[in-house]
Amino acid sequence: MSKLSVLIVEDEPTIAETLIYSLETEGFAVTHVETGSGAIDHFRNSKPDFLVLDVGLPDMTGFEVCREIRKISEIPLLFLTARESEIDRVVGLELGADDYVAKPFSPRELTARIHAILRRTWRNPPHTEKVDGCGSDITLGRITLIPDRYEAQCDGEDLQLSRYEFGMLRVFMEHPGRVYTRDQLMDLVWDEPEAALDRTVDAHIKTLRKKLHRIDQEFDPVKTHRGIGYSFSPPGSA
Ligand code: CA
């Protein structure tokens, strides 16, 4: 998969320009439209990963756009609001927004909110990924993976894995005992393997182990094979 794509729906050029610049700097692929109907058209033809939606648009309100889009998609969505009364509506009505930001806002605040929403929704991603969220649960010894929920449990407790930690654990558990090199793990799990480094895999293995150790200090089913990579030790064979 390539960059995450964001659709910005905003009719004020200066705000739109600031948004485009800061989101592109953050590595997103950005598309911009100025009207609600433009947003719905764009949405039908391409599937962005995230929507930033101004409430006050020239042809319809952002709320109406949201309602249309919610009929066909669960895309994560953030409203830009200009007035207190609009904020009340976002908060008060269940419009299916994931968050809102009131104008004037700092681009940094906005991108932080977007990242936070994406982290939340990654546990239930709207689109199929390489190591996707489908498939049956897998239990090996003390660990159970629930792919539908992007959840891994150890002794019944949620390990709260990030998306890549989960992806690696899933690869390991689907082939217990098999040794994977860092390159193989990157290809199987990462969205942009060419941009990832060997130490990225190592860092995620480290945090995965740390989360397992929170449940049991002695439990280390992920084995390091020096100079090669990693594997998952089937229970009872260690
Ligand atoms: Ca506006």
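Sort out which residues of region 59-77 are more than 15 Å from the ligand (Cβ to nearest atom), surrounded by 15 or more Cβ atoms within 10 Å (Cβ to Cβ) and within 22 Å of the chain's Cα centre (by Cα), and write them in order of number.
Selection gives ILE69, SER73, ILE75, PRO76, LEU77.
If you take the residues of region 16-46 that are more than 16 Å from the ligand (Cβ to nearest atom) and hydroxyl-bearing (Ser, Thr, Tyr), which of them is least open to solvent (accessible area, probe 1.4 Å)?
In this case the residue turns out to be SER22.
Of the conditions (1) near the ligand (Cβ under 10 Å from one of its atoms); (2) in contact with a strand residue (DSSP E or B) (Cβ under 7 Å, 6 or more places away or on another chain); (3) small (Gly, Ala, Ser), GLY56 satisfies every one except a single condition; which number is it?
It fails just one condition, (2).
Going by the conditions given, is LYS206 part of a strand (DSSP E or B) and modelled with pLDDT of 90 or more?
Here the answer is no, as LYS206 does not meet what is asked.
Taking region 135-176, which residues are of a type outside the set (Phe, Trp, Tyr) and within 18 Å of ASP187 (Cβ to Cβ)?
ARG163, GLU165, GLY167, MET168, LEU169, ARG170, VAL171, MET173, GLU174, HIS175
Can you go through ASP54, ASP49 and tell me which one is of a type outside the set (Val, Ile, Thr), open to solvent by less than 30 Å² (accessible area, probe 1.4 Å) and closer than 26 Å to TRP190 by Cβ?
That would be ASP49, the only listed residue that is of a type outside the set (Val, Ile, Thr), open to solvent by less than 30 Å² (accessible area, probe 1.4 Å) and closer than 26 Å to TRP190 by Cβ.
Looking only at residues that are touching a residue at least 40 places away in the same chain (Cβ under 8 Å) and touching a Cys at 6+ places or on another chain (Cβ under 7 Å) in region 130-185, which one is least open to solvent (accessible area, probe 1.4 Å)?
ILE143
The values are calculated or read from the model by the stated rules, or taken from the named source; none is laboratory data. All of these numbers come straight from a predicted model, not from anything done at the bench. So basically every Cβ, Gly included, is an ideal-geometry build from the backbone, and we count neighbours across all protein chains shown. Heads up: the accessible areas ignore ligands, DNA and RNA and are worked out on the full protein's heavy atoms, side chains in. Shrake-Rupley method; radii C 1.70, N 1.55, O 1.52, S 1.80 Å.
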